[in-house]
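Accompanying notes for the structure given below.
The values are calculated or read from the model by the stated rules, or taken from the named source; none is laboratory data. Since the structure is predicted, the reported quantities are computational estimates derived from the model, not experimental observations. With ideal geometry, Cβ positions are generated from the backbone for all residues, glycine too; neighbour counts draw on all protein chains shown. SASA here: full protein model, heavy atoms, side chains in, ligands and nucleic acids out. Shrake-Rupley method; radii C 1.70, N 1.55, O 1.52, S 1.80 Å.
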Amino acid sequence: MSKKRALITGITGQDGSYLAELLLEKGYEVFGLVRRSSTVNFERIGHLQDKIELISGDLLDQKSLVSALQAARPQEVYNLGAQSFVPVSWEQPMLTGEVTGLGVTRLLEAIRTCDENIRFYQASTSELFGKAQETPQNEQTAFYPRSPYGVSKLYAHWITINYRESYGLFACTGILFNHESPRRGREFVTRKITHGVARIKHGLDQELRLGNLDARRDWGYAGDFVRAMWMMLQQDDPDDYVVATGTSRTIGEFCEVAFAHVGLDWRQYVIVDERFLRPAEVYTLLGDATKAREKLGWEPEVGFEEMVRQMVDWDLEQVAHQSAPVRPALRR
């Protein structure tokens, strides 16, 4: 029996790397779509590069997407590619819309052109809820995005549903709440915190400047969340699912756990800086993943404190390597 084949856009990101690992463990042939760029970072998938095949392509270029599908001939496509950093979406709203929104239409059209039997996963986000109309949020909660990123993701979410209903594609969306790991980019607040903790612990910094400490998020572990993506595409019928832990904490609480792990009181080091406040804040996101639990059988396995400790430990090790003094060469 031939192996299943899967194509992952955004394979060099946090979720893409964990999903690639999961699919390899399940015996898939894994292909990753990567843009031709001088700044592509393969750090997260460096340990996998001899096990996966990378294909050049871009969500801005439909011809390259068709070529990638023809080369990989996948049974499953996971679209994790996006301009996914909310603050950047305010600085580059047009680009965010082109990649994060219209890029999904290009990919769906490529699938419809190449092979309508491909099963498709679209990475939606809790940022769709934005100014939440109810708490907790589930699949029936009204959307109210509060950033160009959230609005672009809303377009992507609805175009996926439209292609499913109009063309009969097996297309699922996962409305994933915040999920973190040591592979999270340093531009995100969680990794900014854990990396800041490591630098302070190693004596390299004296303070950590952050924005709104009262914003509440439902934080889970990325490795758990990619498992839900895979489970969606194994069902008999395509559908949309909220994926969340059902527990929310403030950014201040995240700081408390991270600093406590290294024996420090976060209140002595964290400073609120207005430069890091959003133009339109999202205050409380809390997910209700009842549907995912009941229909998929999905449950998170890694708890909040364990996840934060993993991230701090990783950054402690990275900062230690970066700050180690360079020993002079021995003279002979």
Count - residues of the range 292-310 that are closer than 25 Å to Pro238 by Cβ, open to solvent by 80 Å² or more (accessible area, probe 1.4 Å) and not in a loop (DSSP other than H, G, I, E, B): 3
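Please indicate, with yes or no, whether at least one residue in the range 139-154 is surrounded by fewer than 18 Cβ atoms within 10 Å (Cβ to Cβ) and touching a residue at least 24 places away in the same chain (Cβ under 8 Å).
Residues of the range 139-154 surrounded by fewer than 18 Cβ atoms within 10 Å (Cβ to Cβ): 139-140, 142, 144.
Now narrow it down to the ones that are touching a residue at least 24 places away in the same chain (Cβ under 8 Å): 139.
Yes, that holds for at least one residue.
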Go through (1) outside any loop (DSSP other than H, G, I, E, B); (2) more than 26 Å from Leu95 (Cβ to Cβ); (3) open to solvent by 10 Å² or more (accessible area, probe 1.4 Å); (4) not hydrophobic (A, V, I, L, M, F, W, C) and name the single condition Thr135 misses. (1)
For the range 207-217, state whether one or more residues are in contact with a Lys or Arg (Cβ under 6 Å, 6 or more places away or on another chain) and acidic (Asp, Glu). no
Out of all the residues in the range 48-65, is one or more under 23 Å from His179 (Cα atoms) and part of a helix (DSSP H, G or I)? yes
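For (1) acidic (Asp, Glu); (2) at pLDDT below 95; (3) farther than 19 Å from Phe120 by Cβ, each residue gets a yes or a no:
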site: Lys4; (1), (2), (3): no, no, no
site: Gly27; (1), (2), (3): no, no, yes
site: Val30; (1), (2), (3): no, no, no
site: Phe42; (1), (2), (3): no, yes, yes
site: Leu69; (1), (2), (3): no, no, no
site: Ala72; (1), (2), (3): no, no, no
site: Tyr78; (1), (2), (3): no, no, no
site: Gly81; (1), (2), (3): no, yes, no
site: Phe85; (1), (2), (3): no, yes, yes
Quick check on my filter: what residues within the range 212-233 are part of a loop (DSSP other than H, G, I, E, B) and closer than 22 Å to Gln14 by Cα? Asp218, Trp219, Leu233
Please state which one of Leu54, Leu69, Leu65 is closer than 22 Å to Lys153 by Cβ and not polar (S, T, N, Q). Leu65
In the range 14-39, what residues are closer than 16 Å to Thr100 by Cβ, under 16 Å from the mean Cα position of the chain (by Cα) and open to solvent by 20 Å² or more (accessible area, probe 1.4 Å)? Asp15
Would you mind stating whether Asp205 is within 17 Å of Lys131 (Cα to Cα) and either out of contact with any Pro (no Cβ under 8 Å at 6 or more places or on another chain) or not polar (S, T, N, Q) (or both)? no
Of (1) in a strand (DSSP E or B); (2) open to solvent by 10 Å² or more (accessible area, probe 1.4 Å), Cys172 satisfies every one except (2)
